[in-house]
Amino acid sequence: MKAMILAAGRGERMRPLTDATPKPLLEAGGRPLVAWTIERLRRAGIRDIVINVSHLAGRVRDALGDGTALGVAIRYSHEPEALETAGGIAQALPLLGAAPFVAVSGDVYCEFDFRRLAARTAGFAGAHLVLVPNPAHHRAGDFALQGERVRERDSARFTYSGIGLYHPRLFARIAPGATLRLAALLREAIARDAVSGELYRGRWRDVGTPARLAALDRALRSRRRAQGAGRAPERAAR
């Protein structure tokens, strides 16, 4: 199974941090955001990864290389101008192949177990979205869940996490080089009842602004210190 990390955006909301550093290489908890995502994919057995790049693309390639150091195999889909989410995925289809694949936004931190998506691929032909409870900056949410079916309108809506399982045929009608957002494509698929979903209540953060990135950094460093303190008595006992 393959995965795509969406990392071509300019990161306007993250400026001035992204003026010199591409968004996926911004750090939280002492590691680049993209490294956290790659590690979780690798743990789930997903080692073939495609990353789309545009802004400061060379910096991303230089930092990650072919993925060997991270225990994965990375290939890059270069976009001279960022093509938005659906356009970027459509551009990368030759690298992703004909089987369902995972797509992950490059500006989220999430501890979701990607094995849950890998287990859904048999007979899969549409889209499966991972939704999360609405964060403070997005109270209205994006989509509703009716059982496992995603609906656009309902009394209770949740936020799309930036993580999903997709079949390539969903993007087949998008011309290479076209610019299109994923939300528009998903709404068409929801109208055809072709989108399922699940609610994830674990640790998830949208790090789309410098303030939210700083908050995530503090949280991860604090947890690491707490874990280190918890192990100290054990070491002393030995």
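Going by what's in this entry, would A90 be described as modelled with pLDDT under 95, more than 12 Å from I5 (Cα to Cα) and small (G, A, S)?
no
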*asked:* Can you say whether A86 is under 26 Å from A194 (Cα atoms), in contact with a Phe, Trp or Tyr (Cβ under 6 Å, 6 or more places away or on another chain), buried (at least 20 other Cβ atoms within 10 Å of the Cβ) and among the small types (G, A, S), as far as the supplied structure shows?
replied: no
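Can you find a residue in region 109-125 that is assigned to a strand (DSSP E or B) and farther than 26 Å from G29 by Cβ?
Pass one, region 109-125, residues assigned to a strand (DSSP E or B): 109-110.
So of that shortlist, the ones also farther than 26 Å from G29 by Cβ come out as none.
No, because not a single residue in region 109-125 is assigned to a strand (DSSP E or B) and farther than 26 Å from G29 by Cβ.
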*Failed condition for I74, given (1) crowded, with 22+ Cβ neighbours inside 10 Å; (2) among the aliphatic types (A, V, I, L, M); (3) assigned to a strand (DSSP E or B), with all others met?*
(1)
_Pairs needed: first member in region 150-163, at pLDDT 90 or above; second member anywhere, acidic (D, E); C-beta distance under 6 Å; at least 6 residues apart or different chains._
T159/D142; Y160/D142
*Could you check, for region 148-161, whether at least one of its residues is within 16 Å of R205 (Cα to Cα), part of a strand (DSSP E or B) and under 13 Å from the mean Cα position of the chain (by Cα)?*
yes
*Identify all residues within region 18-47 that are among the hydroxyl-bearing types (S, T, Y) and closer than 19 Å to A119 by Cα; write none if there are none.*
T37
*So, in region 48-67, of the ones that are closer than 10 Å to G9 by Cα and of a type outside the set (A, V, I, L, M), which residue ends up modelled with the lowest pLDDT?*
H55
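The values are calculated or read from the model by the stated rules, or taken from the named source; none is laboratory data. Quick caveat, the model's predicted, so the values are computed rather than measured. Counting neighbours? That spans all protein chains shown, and the Cβs are built from the backbone with ideal geometry, glycine included.
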